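Enquirer: Structure incoming, see below.
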Amino acid sequence: MKALAELLDEAALTGHAIPRLTAVTDLSVPAAYEVQRALNERRLARGERVIGVKMGFTSAAKMLQMGVDDVIWGLLTDAMLIESRLDLKGLIHPRIEPEIAFLIERPIRTPADVVAAVGAVAVGYEVLDSRYEDFNFTLPDVIADNASASGFGHGPWHRLRDVANLGLIMEIDGRPVASGSSAAILGDPLRSLTAAARLAHAGGIELQPGWIVLAGAATAAVPLPAGAHVRVSAAGLGHVEVTTR
């Protein structure tokens, strides 16, 4: 697993795509999470720090497309947090999608702890960057690749409110490129947070105070060009912006 993790890590560091792992080896979902763990251990060894979790395949359409009946997850590190500008140099297939983000205030040891543990909620975005050639992968491939995690940002934090059906709009250079509802995230983003707690616990991880959980995309991901200004807005949560170069 360490050798596969090294392949993915080098692809990310050098900005060069590799063939999907399942094209050259058998890889089950449990084994893919072992690769993901080894991949993130390499990040931590370089001094990065875990600051959260990202969820994937949180829409019914995506689950059907990938032939799965559960969400997937990956880890977020401090090196992935984007303040206001993002240099796309070195990224392979950058794409962006609107998100709902949760800020954890208390440890989450069981799914029953979820609502009481949330300190705040915000509109956010995630930058995806698959390390595979032609953005082509199977379920185990994307899990091993830390669920395509690359970068993320969020707007101002707000006290937790009903986020089950918020309208979201993503604009690039003032032009709407994606719109949807937070209901696309498992019917309610809080369900995604509960799933994050369940999967993290199964992986031997507790969601910690100060961590951020990206609940999943409310729309399809959109290719992210250089020299662009992106604005993501959510009803009642304001907006967040990022400029690329």
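The values are calculated or read from the model by the stated rules, or taken from the named source; none is laboratory data. Keep in mind it's a predicted model, so treat the numbers as computed, not measured. When we count neighbours, we look across all protein chains shown, and the Cβ atoms used for this are built from the backbone with ideal geometry, even at glycine. Quick note on the areas: whole protein, heavy atoms, side chains included, nothing else; ligands and nucleic acids left out. Shrake-Rupley method; radii C 1.70, N 1.55, O 1.52, S 1.80 Å.
Enquirer: Report the Cα centroid-to-centroid distance between the stretch 172-209 and the stretch 35-56 in angstrom, as an integer.
Expert: Their Cα centres are 18 Å away from one another.
Enquirer: To continue, here is another question. Could you work out the relative contact order of the chain, using alpha carbon pairs under 8 angstrom and six or more residues apart, expressed as a whole percent? Walk me through the numbers before you get to the answer.
Expert: Values: 577 pairs, mean separation 66.4, N = 245.
It rounds to 27 percent for the chain.
Enquirer: Tell me, in nm to one decimal, what length is gained between Asp162 and Asp70 on full extension, where the rule is 0.36 nm per residue of separation less the Cα-Cα distance?
Expert: 30.8 nm
Enquirer: Further question: Residue by residue, what Karplus-based ³J(HN,Hα) values in Hz, rounded to whole numbers, does the stretch 158-167 have, using 6.51, -1.76 and 1.60 with θ = phi - 60° and x for Gly and Pro?
Expert: 10, 4, 4, 9, 5, 10, 5, 8, 9, x
Enquirer: Follow-up question, since we're still on this one. With the full set of protein chains in place, find how many percent of the accessible area of the stretch 116-245 is carbon and sulfur; take the probe as 1.4 Å.
Expert: So the carbon and sulfur contribution to the accessible surface is 53 percent.
Enquirer: Now a separate question. Can you give me the distance in nm between label points at Ala23 and Ser179, each placed 7 Å from the Cα along the Cα-to-Cβ direction?
Expert: Reported label-point gap for Ala23 and Ser179 is 3.9 nm.
Enquirer: Going 7 Å from the Cα of Asp78 in the Cα-to-Cβ direction, what parts of the stretch 135-164 have a backbone nitrogen less than 13 Å from that spot?
Expert: Taking a point 7 Å out along Cα→Cβ of Asp78, no residue of the stretch 135-164 has its backbone N under 13 Å.
Enquirer: At 222 nm, what helix-only mean residue ellipticity would the chain give, in deg cm²/dmol to the nearest 500, using -39500 (n - 2.57) for each DSSP H run of four or more?
Expert: Estimated from H runs of four or more residues: -7500 deg cm²/dmol.
Enquirer: When a/c is below 1.5 the answer is rounded, else prolate if a/b is larger than b/c, else oblate, so apply that to the stretch 80-217 with a ≥ b ≥ c taken from the square roots of the Cα gyration tensor eigenvalues.
Expert: oblate
Enquirer: Karplus couplings for the stretch 83-93 from phi (6.51 cos²θ - 1.76 cosθ + 1.60, θ = phi - 60°), rounded to Hz, Gly and Pro as x?
Expert: Karplus-based 3J(HN,Hα) across the stretch 83-93 equals 7, 8, 10, 10, 8, 7, 4, x, 7, 9, 10 Hz.
Enquirer: When you take every Cα atom in the chain, what is the radius of gyration, and what is Dmax, the widest Cα pair distance, in Å?
Expert: Computed over the Cα atoms of the chain, radius of gyration and Dmax are 16.7, 47 Å.
Enquirer: Ignoring ligands, DNA and RNA, what accessible area per residue does the chain give at 1.4 Å, in Å²? Don't skip to the end; give the middle numbers.
Expert: Values: 10670 Å² over 245 residues.
Ligands and nucleic acids excluded, the figure is 44 Å² per residue.
Enquirer: With θ taken as phi - 60° and the coefficients 6.51, -1.76 and 1.60, list the Karplus ³J(HN,Hα) couplings across the stretch 40-55 in order, rounded to whole Hz; mark glycine and proline as x.
Expert: 6, 5, 5, 4, 5, 5, 7, x, 6, 10, 5, 10, x, 9, 10, 9
Enquirer: What is the distance, in nm, between label points placed 7 Å from the Cα along the Cα-to-Cβ direction at Asn136 and at His229?
Expert: Going by the 7 Å Cα→Cβ label model, 3.8 nm.
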